[in-house]
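One structure is given below, encoded as structure tokens.
Only the coordinates and a few stated rules stand behind these numbers; no lab work does. Being a predicted model, the structure only gives us computed values, none of them experimental. Quick reminder, even Gly has a Cβ in these numbers, built from the backbone with ideal geometry, and neighbours come from all protein chains shown.
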Amino acid sequence: MLGRAGGLLAEHLADALSKPDPEVLIVGAGPAGLTAATYLARFRRRVLVADGGAPRACWIPLSHNLPGFPHGITGDAILRRMTEQAMEFDAVIEPGRVESLKRDGDGFRATLNGREVRARAVLLATGVTDHHPDLPGVERAIERALVRICPICDGYEAIDKAVAVIGRDDRGVREAAFLRTYSERVTLIHVGPAEALTEEDELHRIGIELIRAPIDNVRLEGDRVTALSWGGAFRVFDLVYSALGTSPNADLARGLGARMSDDLCLAVDWHQTTSVPGLYAAGDVVRGLNQIAVAGAEAAIAATAIHNALRQADGRTVD
């Protein structure tokens, strides 16, 4: 996926293993983690990024709403460029998942690839896991942009198209209503329990068709999606959106007793600091818009706060 960056990873990693422990450990190599790595490396901090593989951004077939890329850019290209940029300033990116994270005096001790890594501060950029619909070939359909997971990202491309939204609760109603901005042909396929749908009146009010039935099969034909959903009848859609939600990847933070928000995301302050001193978080794992631009902004704030906190701990003036 990372092309030239993949070759550089091995060189940087071999060099890194012979160096002292990092000052900052970043868990996650998506847009948030890589942005923070670039900032901290340019602050001349020793940075280690634990790359758990396949961040959510790699699912993006072509993004048209990332500032600076009017003709669009793929998720792979975004991650490749950000990886190269972080490594240019000597941030170290190591493939592998952090298996445990514990307090160690004023800092932290993590287990990564069977060894212990100590760091003065940790930034969690671990993202979320999407709840994909249980459909055959769904991953390939997402890669082809036939099944989508973010109407904020690409709702514009749904203008005047036949759109289906798969939901199991009122989240599906809200997503269908959002997509009504772009098309008059929006259908909500409710696959959850009947009592989970409490906003049916809103669907009728704005002209959204409701189908209460499980989806038994999906056909991908050319550039269209055909879903068998009820009574043996096939319906053809240009796009299908999944409104089944996500789960934050916050187990490491929970293990440290970090406070969670009402939606089970990590709670942070204006400096992206969690309730655990020295532990920061940015990106989708934090409550807010799941957007690359937002993740980058949060990462920049977190990286600057980490740098200043370390300077203060060392008795230096805070920038």
* To do: Could you list Glu195, Glu99 in order of exposure, starting from the residue whose Cβ has the fewest other Cβ atoms within 10 Å?
  => Glu195, Glu99
* So what's the gap between the Cα centers of segment 108-145 and segment 50-107, to the nearest angstrom? -> 11
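Let me check I've understood the local charge: for Pro214, count other residues with C-beta under 11 angstrom from its C-beta, Lys and Arg +1, Asp and Glu -1. What total comes out?
Values: positive: Arg168, Arg212; negative: Asp134, Asp216.
That sum, taken over residues with Cβ under 11 Å, equals 0.
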* Asked: Which residue, Ala302, Ala125, Ala258, tops the fluctuation ranking in a GNM of the chain built on C-alpha contacts under 10 Å?
  -> Ala258
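If a/c stays under 1.5 just call it rounded; otherwise compare a/b with b/c (prolate if a/b is bigger, oblate if not). Do that for segment 262-308, with a ≥ b ≥ c from the square roots of the Cα gyration tensor eigenvalues.
Values: a/c = 2.71, a/b = 1.15, b/c = 2.36.
Cα axes put segment 262-308 in the oblate bin.
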* Order of His71, His204, His132, His307 - criterion: other Cβ atoms within 10 Å of each residue's Cβ, fewest first -> His71, His204, His132, His307
* **Stokes-Einstein D in µm²/s, Kirkwood radius over Cα pairs - segment 194-262 at 20 °C with 1.002 mPa s viscosity** => 136
* Can you work out the FRET efficiency for the pair Glu199 and Asp160, with r the C-beta to C-beta distance and R0 = 22 Å, to the nearest 0.05? -> 0.30
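Once the other residues with Cβ under 12 Å from the Cβ of Leu124 are scored (Lys, Arg +1; Asp, Glu -1), what is the net sum?
Values: positive: Arg254; negative: Asp251, Asp284, Glu298.
Neighbourhood net charge equals -2.
When ranked by the protection proxy of mean other Cβ atoms within 10 Å per residue, highest first, what sequence do the peptides 186-194, 59-67 form? Kindly include the intermediate steps, with their values, before the conclusion.
Working: 186-194: 20.0, 59-67: 16.1.
Output ranking for 186-194, 59-67: 186-194, 59-67.
I need to check one value: relative contact order of the chain, counting alpha carbon pairs closer than 8 Å and at least 6 residues apart, in percent. Each step should come with its number before you reach the end.
Numbers: 662 pairs, mean separation 59.2, N = 319.
After rounding, I find 19 percent.
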* Cα centre as origin, Lys/Arg/Asp/Glu Cβ charges: segment 46-157 dipole, Debye -> 320
* Give the angle, between 0 and 90 degrees and rounded to the nearest 10, that separates the Cα long axis of helix 75-88 from the longest principal axis of the Cα atoms of the chain. => 10
* **Cys residues of the chain counted as unpaired, since no other Cys beta-carbon is under 4.7 Å** => Cys58, Cys265
* Angle between the chain longest axis and helix 170-179 axis [Cα atoms, degrees, rounded to 10] -> 80
* Structure fact -> Dividing the alpha-carbon radius of gyration of segment 132-243 by 2.2 N^0.38 Å, where N counts its residues, gives 0.96
* Among Phe108, Phe43, what is the fewest-to-most ranking by other Cβ atoms within 10 Å? -> Phe43, Phe108
* Expressed as an acute angle from 0 to 90° and rounded to the nearest 10, what is the orientation of the C-alpha long axis of helix 292-313 relative to the principal long axis of the chain? -> 20
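Please report the net charge: other residues with Cβ closer than 12 Å to the Cβ of Gln291, K and R +1, D and E -1.
Numbers: positive: Arg56; negative: Asp154, Asp284, Glu298.
Summing Lys/Arg as +1 and Asp/Glu as -1 gives -2.
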* To do: Could you work out which residue, out of Ala299, Ala86, Ala36, moves most in a Gaussian network model of the chain, that is, has the largest mean-square fluctuation with Cα springs under 10 Å?
  => Ala86
* With springs only between Cα atoms under 10 Å apart, run a GNM on the chain and tell me which of Asp104, Asp170, Asp90 wobbles the most. => Asp104
